[in-house]
Amino acid sequence: MTQPRILVTGATGRVGGAVVTRLHAAGVPVRALVRGEADFPVGVQAVRGDLGDPPSLDTALEGVDSVFLVWPFLSAEGASDVIDAIGKRARRVVYLSSAGVGSEEGEPGEAITMFHTELERLVEASGLEWTVLRPTGFASNTLGWAQEVRTTGVVRAPLAGLARPLIHESDIAAVAAQALTTDALLDARPLLTGRELITQERQAELIGEAIGRPVRFEEVTLDEAVEQMKAAGYPAELVEAVLPAQAQMLHKPEPVNDEVERITGIPARSFREWAVDHAADFR
């Protein structure tokens, strides 16, 4: 049987890049959607296009069987046109959503994930074969600490005791590859988690162990964190949604499950493993 040609959006990001790497290593023909210059392994085709400009996707979608869709915006504006464009060429879409999307009738989920809720609705109504992946927080989000770790050895952030089952991008990619190349996850919305709950303070310690020098977590107030995020240029709506949602997790932590192992046959990687894999980013 001919292998599918797969288009990966968000291909220069952590998750999209891991999906490209995984598929290419398995010998699956893969095409990477890019907006500018990017380096990929020999055999990966990079094609220019922009999800914010649906007509620009025509060339990238030519001959494509399946699409891994990473939505890069904080609203669903324009998503309907993109999904329509995918539906004219491909037969399957795998959408990277979020564990923060409401899972029950009348439970919409966190404010910051509302666009995911709308994207899921559009994907499921598209007529395409579909899978929606709902991962918990990405371990790679801690790369936002990298500059502080490199220069001071101190992470200044709120909520030292916030424990989350952060997930390695390679585990998301492994599940995505199953969804893109087999029928095992059709019409499924698997909740994907890391192996265990790890506090932010412990995350900093594990990064320190990985790089061979101590990293200390210095807790700041939520008000200080708001000012830090605004000064760093984060959109106000993001700041106003993220920190309260994280504060709620102190009392209602995200669940931990074995979906990654059930789907891929391999247990989810630990945050310690993630820190070792990314030690060079913090040195």
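The values are calculated or read from the model by the stated rules, or taken from the named source; none is laboratory data. These figures come from a predicted structure and were not determined experimentally. Please note: Cβ atoms are built from the backbone with ideal geometry, for glycine as well, and neighbour counts cover all protein chains shown.
Taking only the stretch 113-133 into account, find how many residues are under 15 Å from residue 89 (Cβ atoms) and part of a loop (DSSP other than H, G, I, E, B).
3
Test of understanding: among 245, 188, 241, which residue is within 20 Å of residue 131 (Cα to Cα), small (Gly, Ala, Ser) and not assigned by TED's automatic domain parsing to the domain that holds residue 19?
188
Of a type in the set (A, V, I, L, M) and modelled with pLDDT of 95 or more: does that describe residue 112?
On the way: of a type in the set (A, V, I, L, M): yes; modelled with pLDDT of 95 or more: no.
So residue 112 fails the test.
Restricting the search to the stretch 183-237, which residues are exposed (fewer than 12 other Cβ atoms within 10 Å of the Cβ), part of a helix (DSSP H, G or I) and of a type in the set (D, E, K, R)?
223
Restricting to the stretch 1-12, give me the number of residues that are more than 21 Å from the chain's Cα centre (by Cα) and in contact (Cβ under 8 Å) with a residue 40 or more places away in the chain. Show your work before the answer.
Applying the first criterion (more than 21 Å from the chain's Cα centre (by Cα)) to the stretch 1-12 yields 1-5.
Checking which are in contact (Cβ under 8 Å) with a residue 40 or more places away in the chain leaves us with 3-5.
Summing the residues that are more than 21 Å from the chain's Cα centre (by Cα) and in contact (Cβ under 8 Å) with a residue 40 or more places away in the chain in the stretch 1-12 gives 3.
So which pairs qualify, if the first residue must be in the stretch 77-99 and more than 16 Å from residue 117 (Cα to Cα) and part of a strand (DSSP E or B), the second must be among the polar types (S, T, N, Q) and at pLDDT 95 or above, the Cβ gap must be under 6 Å, and the two must be at least 6 apart or on different chains?
Final answer for the pair search is 92/66.
Among the listed residues 80, 75, identify the single one that is at pLDDT below 95, surrounded by fewer than 19 Cβ atoms within 10 Å (Cβ to Cβ) and not charged (D, E, K, R).
Being at pLDDT below 95, surrounded by fewer than 19 Cβ atoms within 10 Å (Cβ to Cβ) and not charged (D, E, K, R) holds for just one of 80, 75, which is 75.
Tally up the residues in the stretch 152-182 that are out of contact with any strand residue (DSSP E or B) (no Cβ under 8 Å at 6 or more places or on another chain) and in a loop (DSSP other than H, G, I, E, B), please.
So the count comes out to 3.
Scan the stretch 118-173 residue by residue and report those that are surrounded by fewer than 17 Cβ atoms within 10 Å (Cβ to Cβ), of a type outside the set (A, V, I, L, M, F, W, C) and under 15 Å from the mean Cα position of the chain (by Cα).
Passing the criteria: 141, 144.
Looking at this structure, is residue 55 exposed (fewer than 14 other Cβ atoms within 10 Å of the Cβ), part of a helix (DSSP H, G or I) and not basic (Lys, Arg)?
For residue 55, the condition - exposed (fewer than 14 other Cβ atoms within 10 Å of the Cβ), part of a helix (DSSP H, G or I) and not basic (Lys, Arg) - is met.
Would you mind stating whether residue 223 is free of Cβ contacts under 8 Å to residues at least 12 places away in the same chain, under 20 Å from residue 167 (Cβ atoms) and out of contact with any Lys or Arg (no Cβ under 8 Å at 6 or more places or on another chain)?
Values: free of Cβ contacts under 8 Å to residues at least 12 places away in the same chain: yes; under 20 Å from residue 167 (Cβ atoms): no; out of contact with any Lys or Arg (no Cβ under 8 Å at 6 or more places or on another chain): yes.
So residue 223 fails the test.
Can you give me the number of residues within the stretch 21-39 that are out of contact with any Ser or Thr (no Cβ under 8 Å at 6 or more places or on another chain), closer than 29 Å to residue 77 by Cβ and in a loop (DSSP other than H, G, I, E, B)?
3
In the stretch 181-229, what count of residues is obtained for those that are among the small types (Gly, Ala, Ser) and farther than 24 Å from residue 151 by Cβ?
Residues meeting the conditions: 3.
Are there any pairs, at least 6 apart or on different chains, whose C-beta atoms fall under 8 Å, with the first in the stretch 38-49 and crowded, with 17+ Cβ neighbours inside 10 Å and the second of a type in the set (Gly, Ala, Ser) and in a loop (DSSP other than H, G, I, E, B), and if so, which?
If the second residue must be of a type in the set (Gly, Ala, Ser) and in a loop (DSSP other than H, G, I, E, B), the pairs left are 40/11; 46/11; 46/38.
Would a scan of the stretch 13-21 turn up a residue that is touching a Pro at 6+ places or on another chain (Cβ under 7 Å), closer than 19 Å to residue 176 by Cβ and touching a residue at least 40 places away in the same chain (Cβ under 8 Å)?
The first filter runs over the stretch 13-21 and keeps only residues touching a Pro at 6+ places or on another chain (Cβ under 7 Å), leaving none.
Among the residues of the stretch 13-21, not one is touching a Pro at 6+ places or on another chain (Cβ under 7 Å), closer than 19 Å to residue 176 by Cβ and touching a residue at least 40 places away in the same chain (Cβ under 8 Å), which makes the answer no.
Restricting attention to the stretch 264-283, does a residue exist that is free of Cβ contacts under 8 Å to residues at least 40 places away in the same chain and touching a Lys or Arg at 6+ places or on another chain (Cβ under 8 Å)?
No, the stretch 264-283 contains no residue that is free of Cβ contacts under 8 Å to residues at least 40 places away in the same chain and touching a Lys or Arg at 6+ places or on another chain (Cβ under 8 Å).
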